[in-house]
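The values are calculated or read from the model by the stated rules, or taken from the named source; none is laboratory data. If you're wondering where the values come from, they're calculated on a predicted model, not measured in any experiment. Please note: Cβ atoms are built from the backbone with ideal geometry, for glycine as well, and neighbour counts cover all protein chains shown. Just the protein is used for accessible areas: all its heavy atoms, side chains included, with ligands, DNA and RNA removed. Shrake-Rupley method; radii C 1.70, N 1.55, O 1.52, S 1.80 Å.
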Amino acid sequence: MHRQVDWVSIKENDWRFYLGDCIWAPVSNKLGNWRMTLELNGKIVADKTFKVYLPE
């Protein structure tokens, strides 16, 4: 049984996330744009695109 939730208020975020944990060798095939989304109850509530690159 699923309960329908119409509104959820997130007052603080205690999650810790380190992107470096997700990039493994070889790095060359992970360069470019990455998109992260957060979904709640079938709706995207956060959407962020960022670029992974090697320093020049």
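Just a few scattered comments:
- Among the residues making up the range 22-38, those that are within 15 Å of the chain's Cα centre (by Cα) and outside any strand (DSSP E or B) are CYS22, ILE23.
- Identity of the residue in the range 18-56, over 30 Å from ASP6 (Cβ atoms), modelled with pLDDT of 85 or more and hydrophobic (A, V, I, L, M, F, W, C), that ends up most open to solvent (accessible area, probe 1.4 Å): LEU54
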